[in-house]
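See structure below.
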Amino acid sequence: MDFDDTREEAEFRARARAWITKNAPHELHTELVNAPFGHLDLRSVDAVQAARQWQSRKARDGWACLSWPEEYGGQGAPQMHTIIWSQEEAVYSRLGAPFLVSQGSLGPTIMTWGTEAQKQKLLPPIVTGVDIWCQLFSEPAAGSDLAGIRTRSIREQDGSWTLKGQKIWSSGAREADWGVILTRSDPDAVKHHGMTMFFIDMRAPGVVVRPIRQITEQSHLNEVYLDNVRVPDEHRIGPVGAGWKVALTMLTNERITVGSHMPTGFEELFSLVNQITQSGVPAVYDRSLRSRLAGFASRANGLKYTYYRALTELSRGGEPGPEMSIMKLVAASTMQEIATLALDLQGLRGAVVQEGMDDNDDRFQMMLLRSAGARIEGGTDQVMRTIIAERVLGLPQDMRADKGIPFSAIPTSPNQKAPAAAE
Amino acid sequence: MNFDFDSNQKSLQSEMRRFLEQRSPVSEVRTVLDGKRPFQESLWSELGEMGYTGVAIDECYGGTGLGYLELCLISEELGRTLAAVPYSSTVYIFAEALKEAGTEEQKQKWLPKIAKAQTVACFALEEGAGSTPLQKIKTRYADGAISGVKKPVVDGQIADVALVVARDDETENKCSLFIVDLTDETRFERTQYKSLDPTRSLASLNFKMAPADRLGVPGSAEILLSCILDRAAVFAAFEQIGGAEKALWMARDYSLERFAFGRPIGSFQAIQHMMADMYAATVLARSNAYYGVWALATQSDDLGLAAANARVSATQSYQLCARDAIHIHGGMGFTWEFDCHLHYRRSNFLAVQYGSLSQWEDRLVRQLCASDGVEID
Ligand SMILES: Cc1cc2nc3c(=O)[nH]c(=O)nc-3n(C[C@H](O)[C@H](O)[C@H](O)COP(=O)(O)OP(=O)(O)OC[C@H]3O[C@@H](n4cnc5c(N)ncnc54)[C@H](O)[C@@H]3O)c2cc1C
């Protein structure tokens, strides 16, 4: 057991630090520190543009997508370099928000399922930040029950495909160049078969993107309508009918990325309790409060070290263990509890969502609003618990009404009867 | 960075697990629970013969000289099997205190005995309900002897030596640690208490001019205790994790066998989600404990923080797993016959041994403040 850098790691850290000191967009530092978790909004500059600039600078000097193979623009570096890099990149890593899908989940999925041509075409522009991706999975009638998607992909005579349907909750779809989309190619196959994965040009004819106003007042989420969008067969990821398997690869990577990047807000809370006074003394003097703080601290630390354990496993060439499945579940609800406590400590000031009213900013207010979504995105708390129960603890699947029958025969509303085949 | 135990350490752990499965099945533990024996004496001797009580004791004192990482893995297995042995009093506390502050003579006298499990120690700090701050200690050391009442004392009923915290007459009202031989029963009285966890005995020790041998320089109790209790917190955390995981997997296994409404109860989502939360708590606790033992083994400046962090997390995790394991067993979980209550008892016992949860929570926050350069009272 060794937490310290090896000599080689220390040397890498020093080089990374020196490069960051020289090249980071220091003018954005304060704004990034204060930026609320989630979708990146910067007041002084266009966030996506700033993100792209930082990414391309990193790529130019060989600091982007460190663990990816060199032939696709990465550095073929050991996993440990990735964590050292992100520790050193610190607050500037928030500029990576627009690349969460492309680098965190789509890239690894292409490496697993893509053809050689797809890897060569798609991966390098992800590394340089030229291409931004969005994930088109959820639909109005398919969220937790993702395998219930209905967006159709229909094969044409010439081998190309036509896509029809609607996606929803697509983060960053307006900024995205490409979308990775799960479709139903065979409605008569059973539910988890008959799906196929594609990627589409977000500016292709027939793709219509409409923003959704969120509880945060931001509109990072979107509805995406697909009105007979033509897609060449070269844009298919994985075999026809294997869409669910490809989706699982993508979701597994997403959960690791989201889980390991999701902050809990503990550091912010801790500085608040040292600053804000109650009856004339800093709040941290209150013993009953300390008990809650300790609980949050040990959760936040536990998440950090769980991530280190997973990285240790990865750096030996293994798969991250089942521990990782707890990350997002724990982080999201901790963040919500922390935000609630922070508002409590602020008293009625806690109800003000405004910067510059006093020394306090509005980050806990934004955190309160945003954390509600954190418990939903990428698998709700319930879905995450079910995954742990089934895959880690080996418990039996819950009863399901949709097993073993053609997708087209599955009931979708209370007044539909399940078909005889299911009984 | 490498955040895992190495393969030698892991094989030591599986060896230990196999050994305990054979030598300390629950039926053995239950003989202590039922009051038929004060502790598992033969297991204790065997632990000594196998070198398990001396893993963190240098070879020159009869130990195997391995280290804290190995000690933690042994603790984890002892926690998993609920072994009723005075390991923690003797190994976590007494041996560490000797290693930290003992004279060569004291070390020569006691460490080889510990390494062979030929002695049972107890740690006599508390003097009644509530935590006992050193300023309130009434037990006194004067003219080479200790007088005063210590209660409750874990393993006080079975120990042959006590590590006693007492006000030292040779200082200005400060406390020191003292070694008191408990083989001469004329100088003290012991009274057994009924323990919440009968596999961990409790007693009061009433010292009447009992001859004592000071450990460390006069007045050093405060500094020594904070160092020794940080270590004990890490060891105990592993013990708690062993117990927590065992309770979780017991519940999991039961939930596959027990049917209700025509299906295994483990297929009900309410039950599944309870266990998912238990699992999450054990993962957090384990990761925090790894950090704790790393800080310990490397003598990191972060030890105070890392130990409190590990301890808080492990206590919460074991308490949660033990109480929900009962719940998942339904009425059966409430019986004497099922083992759930052993973990319920042990988890709540460990939660208050070596400083209770709220004290460690407090210490964790103080340490966080201290690492930011802020002192709080
Ligand atoms: C901030 C944010 C960003 C997102 N980004 C994207 C994106 O980029 N791309 C994308 O494709 N999707 C995205 N999503 C969608 C997200 O994946 C879904 O919202 C989520 O999977 C839940 O689906 P749903 O909204 O349909 O809720 P539902 O599935 O209708 O769930 C409603 C409630 O029922 C519970 N529930 C459902 N099924 C079960 C069950 N079997 N057992 C117990 N409880 C159950 C849920 O836990 C929840 O509490 C995003 C969502 C949010 C909030």
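The values are calculated or read from the model by the stated rules, or taken from the named source; none is laboratory data. Here the structure is a predicted model, which means the values were calculated and not measured. Virtual Cβ from ideal backbone geometry, glycine too; neighbours counted across all protein chains shown.
For B:THR90, state whether it is crowded, with 23+ Cβ neighbours inside 10 Å and under 15 Å from B:ARG200 (Cβ atoms).
Spelling it out, B:THR90 is indeed crowded, with 23+ Cβ neighbours inside 10 Å and under 15 Å from B:ARG200 (Cβ atoms).
Go through segment A:380-404 and count every residue that is at pLDDT 95 or above, within 11 Å of the ligand (Cβ to nearest atom) and not in a helix (DSSP H, G or I).
Residues in segment A:380-404 being at pLDDT 95 or above, within 11 Å of the ligand (Cβ to nearest atom) and not in a helix (DSSP H, G or I): 1 in total.
Quick check: anything in segment A:160-171 of a type in the set (Ser, Thr, Tyr) and within 16 Å of the ligand (Cβ to nearest atom)?
Checked segment A:160-171: at least one residue is of a type in the set (Ser, Thr, Tyr) and within 16 Å of the ligand (Cβ to nearest atom).
Can you tell me which residue among B:SER255, B:SER195 is touching a strand residue (DSSP E or B) at 6+ places or on another chain (Cβ under 7 Å) and farther than 24 Å from B:TYR92 by Cα?
Checking each option against the conditions leaves just B:SER255.
Looking at (1) surrounded by 16 or more Cβ atoms within 10 Å (Cβ to Cβ); (2) within 11 Å of the ligand (Cβ to nearest atom); (3) in contact (Cβ under 8 Å) with a residue 40 or more places away in the chain, which one does A:ALA141 not meet, given that it meets all the others?
The one condition A:ALA141 does not meet is (1).
For the condition without any contact (Cβ under 8 Å) to a residue 12 or more places away in the chain and among the aliphatic types (A, V, I, L, M), what is the one hit in B:ALA297, B:ALA280, B:ALA325?
Step by step, each of B:ALA297, B:ALA280, B:ALA325 is checked, and only B:ALA280 is without any contact (Cβ under 8 Å) to a residue 12 or more places away in the chain and among the aliphatic types (A, V, I, L, M).
Could you list, in sequence order, all residues of segment B:142-198 that are surrounded by fewer than 23 Cβ atoms within 10 Å (Cβ to Cβ), of a type in the set (S, T, N, Q) and at negative phi?
B:SER147, B:GLN157, B:THR171, B:THR183, B:THR186, B:THR191, B:GLN192, B:SER195
Test A:ALA147 against the criterion of being in the same structural domain as A:PRO211 (by TED's automatic domain parsing), under 25 Å from A:HIS39 (Cα atoms) and within 15 Å of the ligand (Cβ to nearest atom), and give yes or no.
no
Return the residues of segment A:384-408 that are under 28 Å from A:ASP41 (Cβ atoms) and among the β-branched types (Val, Ile, Thr); say none if nothing qualifies.
Once the filter is applied, which keeps residues that are under 28 Å from A:ASP41 (Cβ atoms) and among the β-branched types (Val, Ile, Thr), segment A:384-408 yields nothing.
Does A:VAL208 satisfy the criteria of being away from the ligand (no atom under 11 Å from the Cβ), away from chain B (no Cβ under 14 Å), assigned to a loop (DSSP other than H, G, I, E, B) and of a type in the set (Val, Ile, Thr)?
no
Give the residue that is farthest from A:GLN336 (Cα to Cα), with candidates limited to residues of segment A:222-250 that are of a type in the set (A, V, I, L, M) and surrounded by fewer than 21 Cβ atoms within 10 Å (Cβ to Cβ).
The residue in question is A:VAL240.
Residues that are at the interface with another protein chain (Cβ under 9 Å from one of its Cβ atoms), at least 1 per element: which helices (runs of 4 or more DSSP H) completely within segment B:281-371 meet that?
In segment B:281-371, the matching helices (runs of 4 or more DSSP H) lie at B:303-328, B:357-371.
List the residue pairs whose Cβ atoms are under 9 Å apart, where the first residue sits in segment A:158-182 and is within 14 Å of chain B (Cβ to nearest Cβ) and more than 13 Å from A:MET197 (Cβ to Cβ), the second is more than 9 Å from the ligand (Cβ to nearest atom) and among the basic types (Lys, Arg), and the two are 6 or more positions apart or on different chains.
Partner pairs satisfying both residue conditions: none exist.
Answer yes or no: is there a residue in segment A:269-287 that is under 22 Å from A:ILE149 (Cβ atoms) and touching a residue at least 24 places away in the same chain (Cβ under 8 Å).
No, there is no match, as no residue in segment A:269-287 is under 22 Å from A:ILE149 (Cβ atoms) and touching a residue at least 24 places away in the same chain (Cβ under 8 Å).
Which of the helices (runs of 4 or more DSSP H) contained wholly in segment A:1-114 include at least 3 residues that are over 22 Å from A:GLU313 (Cβ atoms)?
Counting at least 3 such residues, we get A:7-23, A:29-34, A:47-60.
For every residue, the table says whether it meets (1) more than 16 Å from the ligand (Cβ to nearest atom); (2) over 22 Å from A:TRP169 (Cα atoms); (3) assigned by TED's automatic domain parsing to the domain that holds A:ASP286.
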residue: A:LYS328; (1), (2), (3): no, no, yes
residue: A:ALA339; (1), (2), (3): no, yes, yes
residue: A:LEU343; (1), (2), (3): yes, yes, yes
residue: A:VAL353; (1), (2), (3): yes, yes, yes
residue: A:MET366; (1), (2), (3): no, no, yes
residue: A:LEU369; (1), (2), (3): no, no, yes
residue: A:PRO406; (1), (2), (3): yes, yes, no
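Limited to segment B:188-226, what total is found for residues that are free of Cβ contacts under 8 Å to residues at least 40 places away in the same chain and of a type in the set (D, E, K, R)?
Going through segment B:188-226 one residue at a time, the tally reaches 3.
Which one of the conditions (1) buried (at least 20 other Cβ atoms within 10 Å of the Cβ); (2) more than 13 Å from B:CYS369 (Cβ to Cβ) does A:GLU267 fail to meet, given that it meets all the rest?
So A:GLU267 meets the others, but not (1).
Restricting segment A:278-317 to residues that are of a type in the set (Val, Ile, Thr) and touching a helix residue (DSSP H, G or I) at 6+ places or on another chain (Cβ under 7 Å), which is farthest from the other protein chains (Cβ to nearest Cβ)?
A:VAL284
Given the condition out of contact with any helix residue (DSSP H, G or I) (no Cβ under 8 Å at 6 or more places or on another chain) and among the aliphatic types (A, V, I, L, M), answer yes or no: does some residue in segment A:134-144 qualify?
The answer is yes, given that some residue of segment A:134-144 is out of contact with any helix residue (DSSP H, G or I) (no Cβ under 8 Å at 6 or more places or on another chain) and among the aliphatic types (A, V, I, L, M).
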